[in-house]
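The values are calculated or read from the model by the stated rules, or taken from the named source; none is laboratory data. Remember, it's a predicted structure, so these values are computed and weren't measured experimentally. Virtual Cβ from ideal backbone geometry, glycine too; neighbours counted across all protein chains shown. Accessible surface areas use protein heavy atoms only, side chains included; no ligands, DNA or RNA. Shrake-Rupley method; radii C 1.70, N 1.55, O 1.52, S 1.80 Å.
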Amino acid sequence: MDEPTLLTGMDMEPLTGNSAAGQPLAARMRPSCLDEIAGQQHLLGPGKVLRRLIEADTVSSMIFWGPPGVGKTTLARVIALQTQAAFIDFSAVTSGIKEIRQVMLRAEENRIYGQRTIVFVDEIHRFNKAQQDAFLPFVEKGSIVLIGATTENPSFEVNSALLSRCKVFVLQALGREDILTLLRRALTDERGFGRDRVTISERALEAIADFSNGDARSALSTLEMVVLNGVAGEQGIEVTDEILAQCLGRKSLMYDRDGEEHYNLISALHKSMRNSDPDAAVYWMTRMLEGGEDPLYIARRVLRFAAEDVGLADPRAMEVGVAAYQACHFIGVPECSVHLAEAVVYMSLASKSNAMEMAVMEAKEAIEKEPDAPVPLVIRNAPTRLMKALDYGKGYQYAHDYAEKITAMECLPEGLKGRHFYHPTGQGQEARYRERLEQIRAWKEEKRKENKG
């Protein structure tokens, strides 16, 4: 096995000129400072905690969790450039207990001589429990600062004892503009194609950004492929639509994720599912995916549909929608297309009810007319003596103390007593819920009349 690489800030010079020869574009364009990192403004924006820790060289043990290509390793390299500590780049793929022990001995020697050691472990989730345990005593006594990177949920993949001693920072998939910024920089920066006079349309860059699905490494690799296959001439290198289509493996469809066609297609998908037309629904869904739409956006719209247009007529629609979203998140394009197809077909064939949408709309209307309706005293929280003295919670009836598991207690504000916002339909399983609700309402009305009498 290769021995872990010991690097310091002095060793971590950015790749430029001859040192970059033969390196892939993604490696050549790897940021060398915080300002070059795309996205992650929730962590690296001005005044944000992670930025302050890096700039002050006071990083503590942490885990970077996020999908591929969002900058986990890049952040570690930037830390290596800015830190005064020894920096050890360690791979969970090629290393075992023996290598971990060697690194820890080196870190102990550094500590004796008054130098901190930062150990970066890429793909830390690939280490088993015994391997992760080997780090624990050295993290506890401060011999090392551990920085781990993982695409998997650390709650499940990282030893709980080790995780409790690390701060978890969640890195997000890069947005379309973040990716476009990277691509434009690669075309003008001398580390990239700045000397090659590349001609490529903005529409082509947008297609590459959409195709990358938030993965910077994938976007830069795709750009490199289309440029290397471009038409070389006296004016430089031209990337045509035909070359782009060939490299992306699909024709470039008319689709603008921020324009009218975007909303036309999502409307077509939604209305096809509402009209119980699975063939049309699958067609419009596939048109969006082939046009470069983010599958998570489609999954979110399908999940909205599950409540807005299906609701309690088929409660399982919500489960199918959530499962489809998670599948898209876990495996991405193109594999997740079948999961989305299953979801849109299910929604198309499910019994329909818009009772949930109407309930929310009616509640909003009531709130607009009486926005500050006070919470009835009987259901207010009463954690202090003063609140109890003011009759907060007085007369509250705990439903579980009653045989019917319900009471006639009024929970709406005074001005809205007797108002109904949920009007169940007779479609699918909602017919059962309507029958149950009618029984509850009748029982409460009878009890209230008895109480008045």
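Would you mention how many residues in region 324-337 are at negative phi, out of contact with any helix residue (DSSP H, G or I) (no Cβ under 6 Å at 6 or more places or on another chain) and surrounded by 15 or more Cβ atoms within 10 Å (Cβ to Cβ)?
So the first thing to find is which residues in region 324-337 are at negative phi, and the list is 324-331, 333-337.
Of the ones still in play, those that are also out of contact with any helix residue (DSSP H, G or I) (no Cβ under 6 Å at 6 or more places or on another chain) are 326, 329-331, 334-335.
Adding the requirement that they be surrounded by 15 or more Cβ atoms within 10 Å (Cβ to Cβ) leaves none.
The qualifying residues number 0.
Applying the selection to region 143-169, what residues are assigned to a helix (DSSP H, G or I) and hydrophobic (A, V, I, L, M, F, W, C)?
Step one: of region 143-169, the residues assigned to a helix (DSSP H, G or I) are 154-157, 160-163.
If the condition is that a residue be assigned to a helix (DSSP H, G or I) and hydrophobic (A, V, I, L, M, F, W, C), then Phe156, Ala161, Leu162, Leu163 are the ones that fit.
Restricting the search to region 206-244, which residues are assigned to a helix (DSSP H, G or I) and either surrounded by fewer than 16 Cβ atoms within 10 Å (Cβ to Cβ) or among the charged types (D, E, K, R) (or both)? Don't jump to the end; show me each part of the working.
Going residue by residue through region 206-244, those that are assigned to a helix (DSSP H, G or I) are 206-212, 216-228, 241-244.
Scanning region 206-244 gives Glu206, Asp210, Arg217, Glu224, Leu228, Asp241, Glu242.
Has region 180-200 got at least one residue that is aliphatic (A, V, I, L, M), over 30 Å from Asp241 (Cβ atoms) and either assigned to a helix (DSSP H, G or I) or at pLDDT 85 or above (or both)? Can you show your working first?
From region 180-200, those aliphatic (A, V, I, L, M) are 180, 182-183, 186-187, 198, 200; that's our starting set.
Of the ones still in play, those that are also over 30 Å from Asp241 (Cβ atoms) are none.
No: zero hits.
Consider Val227 against the criteria (1) under 30 Å from Lys129 (Cα atoms); (2) more than 23 Å from the chain's Cα centre (by Cα); (3) β-branched (Val, Ile, Thr): it satisfies all of them except one. Which criterion is unmet?
Condition (1) is where Val227 drops out.
For Arg316, indicate whether it is open to solvent by 90 Å² or more (accessible area, probe 1.4 Å), under 30 Å from Met288 (Cα atoms) and charged (D, E, K, R). Show your work before the answer.
Numbers: open to solvent by 90 Å² or more (accessible area, probe 1.4 Å): yes; under 30 Å from Met288 (Cα atoms): yes; charged (D, E, K, R): yes.
So Arg316 fits the description; yes.
Would you please name the residue that is farthest from Ala327 (Cα to Cα), looking only at residues in region 288-308 that are among the charged types (D, E, K, R) and modelled with pLDDT of 90 or more? Walk me through how you get there before you give the answer.
Here is the first cut: in region 288-308, the ones among the charged types (D, E, K, R) are 290, 293-294, 300-301, 304, 308.
Then keep just the ones that are modelled with pLDDT of 90 or more; that gives 300-301, 304, 308.
Numbers: Arg300: 12, Arg301: 15, Arg304: 16, Glu308: 22 Å.
Among those that are among the charged types (D, E, K, R) and modelled with pLDDT of 90 or more, it is Glu308.
Does Lys352 fit the bill of being out of contact with any strand residue (DSSP E or B) (no Cβ under 8 Å at 6 or more places or on another chain), among the basic types (Lys, Arg) and surrounded by 12 or more Cβ atoms within 10 Å (Cβ to Cβ)? I'd like the intermediate steps shown before the answer.
Numbers: out of contact with any strand residue (DSSP E or B) (no Cβ under 8 Å at 6 or more places or on another chain): yes; among the basic types (Lys, Arg): yes; surrounded by 12 or more Cβ atoms within 10 Å (Cβ to Cβ): yes.
Taking the combined requirement at face value, the residue satisfies it.
With respect to Glu357, is the statement that it is loosely packed, with under 11 Cβ neighbours inside 10 Å and assigned to a helix (DSSP H, G or I) true? Spell out how you get there, then give the answer.
Details: loosely packed, with under 11 Cβ neighbours inside 10 Å: no; assigned to a helix (DSSP H, G or I): yes.
In short, no.
Tell me the residue from Ser155, Ser201, Ser160, Ser218 that is more than 17 Å from the chain's Cα centre (by Cα), within 22 Å of Asn128 (Cβ to Cβ) and of a type in the set (Ser, Thr, Tyr), please.
Numbers: Ser155 fails: more than 17 Å from the chain's Cα centre (by Cα); Ser201 fails: within 22 Å of Asn128 (Cβ to Cβ); Ser218 fails: within 22 Å of Asn128 (Cβ to Cβ).
Only one candidate qualifies: Ser160.
Check Ile124, Ile97, Ile54 and return the single one that is in contact with an Asp or Glu (Cβ under 9 Å, 6 or more places away or on another chain) and of a type outside the set (Ser, Thr, Tyr).
Ile124
Looking for whichever is open to solvent by less than 10 Å² (accessible area, probe 1.4 Å) and under 27 Å from Ala173 (Cα atoms) here; the options are Leu296, Leu340, Leu289. Which one fits? Write out each step before concluding.
On the way: Leu296 fails: open to solvent by less than 10 Å² (accessible area, probe 1.4 Å); Leu289 fails: open to solvent by less than 10 Å² (accessible area, probe 1.4 Å).
Checking each option against the conditions leaves just Leu340.
Tell me whether region 367-375 contains one or more residues that are in contact (Cβ under 8 Å) with a residue 12 or more places away in the chain, in a helix (DSSP H, G or I) and under 30 Å from Ala313 (Cβ atoms). Break it down into steps so the answer makes sense when it comes.
Here is the first cut: in region 367-375, the residues in contact (Cβ under 8 Å) with a residue 12 or more places away in the chain are 370, 373-375.
In the following step, the residues that additionally are in a helix (DSSP H, G or I) were identified as none.
So far as region 367-375 goes, no, none of its residues is in contact (Cβ under 8 Å) with a residue 12 or more places away in the chain, in a helix (DSSP H, G or I) and under 30 Å from Ala313 (Cβ atoms).
Given the residues Glu445, Glu430, which is the only one that is charged (D, E, K, R) and within 42 Å of the chain's Cα centre (by Cα)?
Working: Glu445 fails: within 42 Å of the chain's Cα centre (by Cα).
Going through Glu445, Glu430 in turn, the sole match is Glu430.
Within region 376-398, can you find the residues that are within 40 Å of the chain's Cα centre (by Cα) and surrounded by 11 or more Cβ atoms within 10 Å (Cβ to Cβ)?
Pro376, Ile379, Arg380, Ala382
Output the residues belonging to region 249-279 that are open to solvent by less than 70 Å² (accessible area, probe 1.4 Å), at pLDDT below 80 and assigned to a helix (DSSP H, G or I).
Result: Glu261, His262.
Can you tell me which residues in region 311-323 are without any contact (Cβ under 8 Å) to a residue 60 or more places away in the chain and more than 24 Å from Gly175 (Cβ to Cβ)? Break it down into steps so the answer makes sense when it comes.
Of the residues in region 311-323, the ones without any contact (Cβ under 8 Å) to a residue 60 or more places away in the chain are 316-323.
Hits for region 311-323 are Arg316, Ala317, Met318, Glu319, Val320, Ala323.
Residues that are open to solvent by less than 20 Å² (accessible area, probe 1.4 Å): which helices (runs of 4 or more DSSP H) entirely in region 24-142 hold 2 or more of them?
On the way: elements: 25-28, 41-44, 49-55, 72-82, 97-112, 129-140.
Once the helices (runs of 4 or more DSSP H) in region 24-142 are filtered for at least 2 residues that are open to solvent by less than 20 Å² (accessible area, probe 1.4 Å), what remains is 41-44, 49-55, 72-82, 97-112, 129-140.
Filter region 408-424 for residues that are touching a residue at least 24 places away in the same chain (Cβ under 8 Å), within 19 Å of Trp443 (Cβ to Cβ) and not hydrophobic (A, V, I, L, M, F, W, C); which is surrounded by the fewest Cβ atoms within 10 Å (Cβ to Cβ)?
Arg419
Can you say whether Ala327 is assigned to a helix (DSSP H, G or I) and either more than 21 Å from Gly214 (Cβ to Cβ) or at pLDDT 95 or above (or both), as far as the supplied structure shows?
Values: assigned to a helix (DSSP H, G or I): yes; either more than 21 Å from Gly214 (Cβ to Cβ) or at pLDDT 95 or above (or both): no.
No: the conditions fail for Ala327.
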